[in-house]
Amino acid sequence: MAKQRTSLFSGQAPAMDSLAFRLAGAADAVRQVSAGRSLPDALQATFTALNVDAASRGAIQDIAYNAMRKLGSARFLIGKLTKYPPAPEMLQHLLACAFALLVRHDNLPLRYEPFTTVNQAVQAASAIRGTAKAKGLVNAVLRHFLREQDQFEQMVNQDEVAQWNYPAWWIARVRKHYPNQWQSILTVGNQPPPLTLRVNQRRTTPEGYLENLHKKGLKADIIGPSAIRLSRPLPVNQIPGFMEGLVSVQDYAAQMAAPLLDLKDGMRVLDACAAPGGKSAHMLELADIRLTALDCEKKRLKMIHENLHRLGLSAEVRHGDATLSDWWDGTLFDCILADVPCSASGIIRRHPDIRWLRQPEDSHNLATLSAAILENLWGKLRKGGKLLIATCSIWPEESKEQADFFAFRADAKRLDAFGQLLPTFDGLNDHDGLFYGLFQKT
Ligand SMILES: C[S@@+](CC[C@H](N)C(=O)[O-])C[C@H]1O[C@@H](n2cnc3c(N)ncnc32)[C@H](O)[C@@H]1O
């Protein structure tokens, strides 16, 4: 552990409860994302390497997520405020994290006093291996920004990537497909996500659970048949009744999947891309079905087991590839949920790193994979049975076009489903951007 710790800091690390330590930790995570790693994996690696305690984990995570939501403006400002890209590269990641705390956003209060952020960023630069010599640069850049903040923020608003904080191709694509909603889609994607719960209807009711929350002084609203949104996010272990299986964490859009299948007791159901098991669990809460939960990622099967166990539910959890048939016993299914792999472009507010990790051509490759999955699954559905295509994407190539193509099948009847749900945050109408297409085998 000590050996890894020295790989971020050259000598004595700043105190773990200092902002300097937390900025350095967040910069380390941002560095890994720049190298192609997902932010949750990057944070986990940083936490392990630095042996970070629970309080600092939350703070580092908060800065790193915020940095992802403001990376466009931070990179723009670094470009404006320096002659050459600061080297070593770690300086750019540190500055990006500092700018994430300094740039004003939607009139929200800043988490730290600006001069505290500057001083602590300088402390972090002094401590991080290889950046000590540039601590003067960090100081100069950040102070220059603060001196002329209004002008710099105006410049940010004149550059599309800096203003919206998405790659240019992403902005162009949202604008092309959603000419009337593109600004609200991009805006929602930059907001911190709500904590939405799905009430386990086998154990309680939304009204009963809401009353329980109110008794504990927690504000919340019912926003869907089983969906409750907390006014302020909480760590899962502090959500009343979570460990006892009264509720699960699930966005409201994701909660719309299971009811679409109109499940009845005794039905044989396949969840073909099941991990971590959110929609599997919801289906099992709604009816006494015989569920096979399949996923090709062996290590993600553990999450399905854990979720089902916590909720007191059971299913046959199988490791297998939904493009193949070696996992199948030959008995046809009454219903199939195909929550196919996608770019996750509809859940950007929960995963702000995704926009920087994805490439424009990913959609095409993902669509090819999901078409193969759907083709294979259709052969495993009984006549009269239903197949629900789901994605958490807003790119038509992965979702709408996929379902439209499927509708050409001679033996498929398209049923009503939601189609493309756009990410929305408007009063109680608050959900991610998912797609649903429903088909019956004729
Ligand atoms: C969007 S996630 C599913 C989320 C899940 N349905 C839920 O609600 O919790 C997609 C899943 O598909 C799995 N997957 C990707 N390709 C697959 C394949 N060829 N066969 C089976 N599962 C696959 C991934 O491992 C991932 O867990």
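The values are calculated or read from the model by the stated rules, or taken from the named source; none is laboratory data. Since we're looking at a predicted model, the values are computed, not measured. Glycine also receives a Cβ, built like all others from the backbone with ideal geometry; neighbour counts cover every protein chain displayed. Remember, those area values only see protein heavy atoms, side chains included, never the ligands or the DNA or RNA. Shrake-Rupley method; radii C 1.70, N 1.55, O 1.52, S 1.80 Å.
Out of Gly278, Gly266, I need the residue that is within 8 Å of the ligand (Cβ to nearest atom) and open to solvent by 10 Å² or more (accessible area, probe 1.4 Å). Which one?
Numbers: Gly266 fails: within 8 Å of the ligand (Cβ to nearest atom).
Just a single option satisfies the conditions, and that option is Gly278.
Any idea which of (1) surrounded by fewer than 22 Cβ atoms within 10 Å (Cβ to Cβ); (2) touching a residue at least 60 places away in the same chain (Cβ under 8 Å) is the one Pro109 doesn't satisfy?
Tallying (1) surrounded by fewer than 22 Cβ atoms within 10 Å (Cβ to Cβ); (2) touching a residue at least 60 places away in the same chain (Cβ under 8 Å), Pro109 fails exactly one: (2).
Out of the range 335-350, which residues are farther than 30 Å from Arg382 by Cβ and either of a type in the set (A, V, I, L, M, F, W, C) or crowded, with 20+ Cβ neighbours inside 10 Å (or both)?
At the first step, the residues of the range 335-350 found to be farther than 30 Å from Arg382 by Cβ are 343-350.
Ser343, Ala344, Ser345, Gly346, Ile347, Ile348, Arg349 - these are the residues of the range 335-350 that are farther than 30 Å from Arg382 by Cβ and either of a type in the set (A, V, I, L, M, F, W, C) or crowded, with 20+ Cβ neighbours inside 10 Å (or both).
For a quick check of your reading: which helices (runs of 4 or more DSSP H) sit entirely within the range 127-217 and have at least 2 residues that are over 30 Å from Phe9 (Cα atoms) and in contact with a strand residue (DSSP E or B) (Cβ under 9 Å, 6 or more places away or on another chain)?
On the way: elements: 135-147, 149-157, 160-164, 168-177, 182-189, 206-215.
Of the helices (runs of 4 or more DSSP H) lying wholly inside the range 127-217, those with at least 2 residues that are over 30 Å from Phe9 (Cα atoms) and in contact with a strand residue (DSSP E or B) (Cβ under 9 Å, 6 or more places away or on another chain) span 182-189, 206-215.
Name, by its number, the condition in (1) farther than 13 Å from Leu260 by Cα; (2) surrounded by fewer than 16 Cβ atoms within 10 Å (Cβ to Cβ) that does not hold for Leu422.
(2)
So which of Asn376, Asn429 is surrounded by fewer than 20 Cβ atoms within 10 Å (Cβ to Cβ) and closer than 30 Å to Thr187 by Cβ?
Values: Asn376 fails: closer than 30 Å to Thr187 by Cβ.
Of Asn376, Asn429, the one residue that is surrounded by fewer than 20 Cβ atoms within 10 Å (Cβ to Cβ) and closer than 30 Å to Thr187 by Cβ is Asn429.
With respect to Gln402, determine if the residue is more than 11 Å from the ligand (Cβ to nearest atom), in the same structural domain as Leu286 (by TED's automatic domain parsing), out of contact with any Cys (no Cβ under 6 Å at 6 or more places or on another chain) and in contact (Cβ under 8 Å) with a residue 24 or more places away in the chain.
Values: more than 11 Å from the ligand (Cβ to nearest atom): yes; in the same structural domain as Leu286 (by TED's automatic domain parsing): yes; out of contact with any Cys (no Cβ under 6 Å at 6 or more places or on another chain): yes; in contact (Cβ under 8 Å) with a residue 24 or more places away in the chain: yes.
In short, yes.
Picking from Pro240, Pro259, Pro225, which residue would you name as being assigned to a helix (DSSP H, G or I) and open to solvent by 10 Å² or more (accessible area, probe 1.4 Å)? Give the derivation first.
On the way: Pro240 fails: assigned to a helix (DSSP H, G or I); Pro225 fails: assigned to a helix (DSSP H, G or I).
Of the residues listed, the single one that is assigned to a helix (DSSP H, G or I) and open to solvent by 10 Å² or more (accessible area, probe 1.4 Å) is Pro259.
Would you say Leu387 is over 24 Å from Lys70 (Cα atoms), part of a strand (DSSP E or B), modelled with pLDDT of 95 or more and among the hydrophobic types (A, V, I, L, M, F, W, C)? Walk me through how you get there before you give the answer.
Details: over 24 Å from Lys70 (Cα atoms): yes; part of a strand (DSSP E or B): yes; modelled with pLDDT of 95 or more: yes; among the hydrophobic types (A, V, I, L, M, F, W, C): yes.
Against the criterion (over 24 Å from Lys70 (Cα atoms), part of a strand (DSSP E or B), modelled with pLDDT of 95 or more and among the hydrophobic types (A, V, I, L, M, F, W, C)), Leu387 qualifies.
Yes/no matrix, rows are residues, columns are (1) surrounded by fewer than 18 Cβ atoms within 10 Å (Cβ to Cβ); (2) in contact with a Ser or Thr (Cβ under 6 Å, 6 or more places away or on another chain); (3) of a type in the set (Asp, Glu):
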| residue | (1), (2), (3) |
| --- | --- |
| Asp17 | yes, no, yes |
| Ala29 | no, yes, no |
| Ile60 | no, no, no |
| Met68 | no, no, no |
| Ile78 | no, no, no |
| Leu81 | no, no, no |
| Pro86 | no, no, no |
| Leu94 | no, no, no |
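From the list Leu313, Leu357, Leu332, pick out the single residue that is open to solvent by 60 Å² or more (accessible area, probe 1.4 Å) and aliphatic (A, V, I, L, M). Steps first, answer last, please.
On the way: Leu313 fails: open to solvent by 60 Å² or more (accessible area, probe 1.4 Å); Leu357 fails: open to solvent by 60 Å² or more (accessible area, probe 1.4 Å).
Exactly one of Leu313, Leu357, Leu332 is open to solvent by 60 Å² or more (accessible area, probe 1.4 Å) and aliphatic (A, V, I, L, M), namely Leu332.
Residues are listed down the side, and each one gets a yes or a no for (1) within 12 Å of the ligand (Cβ to nearest atom); (2) of a type in the set (Val, Ile, Thr); (3) in contact with a Gly (Cβ under 8 Å, 6 or more places away or on another chain):
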site: Phe333; (1), (2), (3): no, no, yes
site: Asp339; (1), (2), (3): yes, no, no
site: Ile348; (1), (2), (3): no, yes, yes
site: Leu357; (1), (2), (3): no, no, yes
site: Glu361; (1), (2), (3): no, no, no
site: His364; (1), (2), (3): no, no, no
site: Ala367; (1), (2), (3): no, no, no
site: Ala372; (1), (2), (3): yes, no, no
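Go through the range 152-167 and give me each residue that's open to solvent by less than 50 Å² (accessible area, probe 1.4 Å) and over 18 Å from Val141 (Cβ atoms).
Of the residues in the range 152-167, the ones open to solvent by less than 50 Å² (accessible area, probe 1.4 Å) are 152-153, 156, 161-162, 164-167.
Val161, Trp164, Asn165, Tyr166, Pro167 - these are the residues of the range 152-167 that are open to solvent by less than 50 Å² (accessible area, probe 1.4 Å) and over 18 Å from Val141 (Cβ atoms).
Inside the range 243-256, can you point out the residues that are open to solvent by less than 40 Å² (accessible area, probe 1.4 Å) and outside any loop (DSSP other than H, G, I, E, B)?
The answer is Val247, Ser248, Ala254, Gln255, Met256.
Would you mind stating whether Gln149 is of a type outside the set (A, V, I, L, M, F, W, C) and closer than 30 Å to Lys400 by Cα? Walk me through how you get there before you give the answer.
Values: of a type outside the set (A, V, I, L, M, F, W, C): yes; closer than 30 Å to Lys400 by Cα: no.
So Gln149 does not fit the description; no.
Could you pull out the residue among Arg290, Arg300, Arg318 that is more than 12 Å from the ligand (Cβ to nearest atom) and not polar (S, T, N, Q)?
Values: Arg300 fails: more than 12 Å from the ligand (Cβ to nearest atom); Arg318 fails: more than 12 Å from the ligand (Cβ to nearest atom).
It is Arg290.
Just checking, which of Thr131, Thr48 is among the hydroxyl-bearing types (Ser, Thr, Tyr), in contact (Cβ under 8 Å) with a residue 24 or more places away in the chain and open to solvent by 60 Å² or more (accessible area, probe 1.4 Å)? Walk me through it before giving the result.
Numbers: Thr131 fails: open to solvent by 60 Å² or more (accessible area, probe 1.4 Å).
That would be Thr48, the only listed residue that is among the hydroxyl-bearing types (Ser, Thr, Tyr), in contact (Cβ under 8 Å) with a residue 24 or more places away in the chain and open to solvent by 60 Å² or more (accessible area, probe 1.4 Å).
If you take the residues in the range 234-258 that are out of contact with any strand residue (DSSP E or B) (no Cβ under 7 Å at 6 or more places or on another chain) and within 15 Å of the ligand (Cβ to nearest atom), which one is farthest from Leu387 (Cα to Cα)?
Ala254
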